[in-house]
Amino acid sequence: MKWGMHENSLFAVLLRSPWWVSLLLTLGIFAGLRLVIPWYYAAFGSLPIFIISLVAAWRQLRAPSAESIAAAMEVLRGMNWDAFSNLLEEGFRRDGYAVERLGGAQADFELVKAGRKSLVACKRWKAARTGVEPLRELKAAGEAREAAECLYVMAGGISEQARSFAAQNRIRLVEGAELARLARKG
């Protein structure tokens, strides 16, 4: 059984929010509890939200800037397919995946980690705007190969229709900071 945080839980929302939001919530909870219980119980009651604010601050401090992400995307868009695919393959291996290159048009890589199979499509990474069709192809390939997860890699934009299709069909879009991290050298 896989343990994880629901994406709409309070903690998940606070982790995605600016760190100071969690800190303000911590102070509010502490002040409210302080009205009815001693300060040490109030501090203990607000401690989980305070810890979330520290984790959020740490993540936001370490996150790459928008300028560095944009620069990385420009470098990736300037690469040829061989160089780009080699970087991705190296990045997936660094993340602990066993990587197999596929020759098909629908998917480029098959990843396996802890017995869980994932398909990756990324041949159209340079496209200025991606539509729904490549995502449909990836979904079909994922169903045919019984993949638990499908990933679509892109350095360009995506239409709103395609973004909603990906969300409805559990296709993870690898773009921006995640793509820059995955494709970094070494």
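The values are calculated or read from the model by the stated rules, or taken from the named source; none is laboratory data. What you see is a predicted model, and the numbers here were worked out from it, not measured in a lab. Glycine gets a Cβ as well: all are built from the backbone with ideal geometry, and neighbour counts include every protein chain shown.
At-a-glance table
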{"item": "Residue count for region 58-75, restricted to those that are closer than 16 Å to Ser17 by Cα and either in contact with a strand residue (DSSP E or B) (Cβ under 8 Å, 6 or more places away or on another chain) or part of a helix (DSSP H, G or I) (or both)", "result": "5"}
{"item": "Residue in region 101-113 that is closer than 28 Å to Gln60 by Cβ and of a type in the set (Lys, Arg) present", "result": "yes"}
{"item": "Long-range neighbours under 7 Å by Cβ, at least six apart or interchain, first residue exposed (fewer than 10 other Cβ atoms within 10 Å of the Cβ) within region 61-85, second not in a helix (DSSP H, G or I)", "result": "none"}
{"item": "Among the candidates Ala162, Ala114, Ala121, Ala140, residue that is modelled with pLDDT of 85 or more, over 17 Å from Met73 (Cα atoms) and under 16 Å from the mean Cα position of the chain (by Cα)", "result": "Ala121"}
{"item": "Test: Ala31 is at pLDDT below 95 and either over 17 Å from Met5 (Cβ atoms) or touching a Lys or Arg at 6+ places or on another chain (Cβ under 9 Å) (or both)", "result": "no"}
{"item": "Subset of region 1-39 that is among the hydroxyl-bearing types (Ser, Thr, Tyr) and closer than 11 Å to Ile49 by Cα - its residue that is surrounded by the fewest Cβ atoms within 10 Å (Cβ to Cβ)", "result": "Thr26"}
{"item": "Some residue of region 53-67 being of a type in the set (S, T, N, Q), under 30 Å from Arg129 (Cβ atoms) and under 17 Å from the mean Cα position of the chain (by Cα)", "result": "yes"}
{"item": "The one condition in (1) of a type in the set (D, E, K, R); (2) buried (at least 18 other Cβ atoms within 10 Å of the Cβ); (3) assigned to a helix (DSSP H, G or I) that Glu110 fails to fulfil", "result": "(3)"}
{"item": "Those residues of region 71-86 which are of a type in the set (A, V, I, L, M) and more than 17 Å from the chain's Cα centre (by Cα), in sequence order", "result": "Ala71, Val75, Leu76, Met79, Ala83"}
{"item": "Among residues of region 60-98, those that are over 30 Å from Arg124 (Cβ atoms) and either in contact with a helix residue (DSSP H, G or I) (Cβ under 7 Å, 6 or more places away or on another chain) or modelled with pLDDT of 90 or more (or both), counted", "result": "1"}
{"item": "Qualifying residue in region 38-46 (condition: at pLDDT 85 or above and under 23 Å from Ala177 (Cβ atoms))", "result": "no"}
{"item": "Subset tally (residues that are surrounded by 13 or more Cβ atoms within 10 Å (Cβ to Cβ) and aromatic (Phe, Trp, Tyr)) for region 45-60", "result": "1"}
{"item": "Selection from region 134-175 of residues that are in a helix (DSSP H, G or I) and surrounded by fewer than 18 Cβ atoms within 10 Å (Cβ to Cβ)", "result": "Arg136, Glu137, Ala140, Glu143, Ala144, Glu160, Gln161, Arg163, Ser164, Ala167, Gln168"}
{"item": "Count - residues of region 165-186 that are modelled with pLDDT under 85 and in contact with a helix residue (DSSP H, G or I) (Cβ under 6 Å, 6 or more places away or on another chain)", "result": "5"}
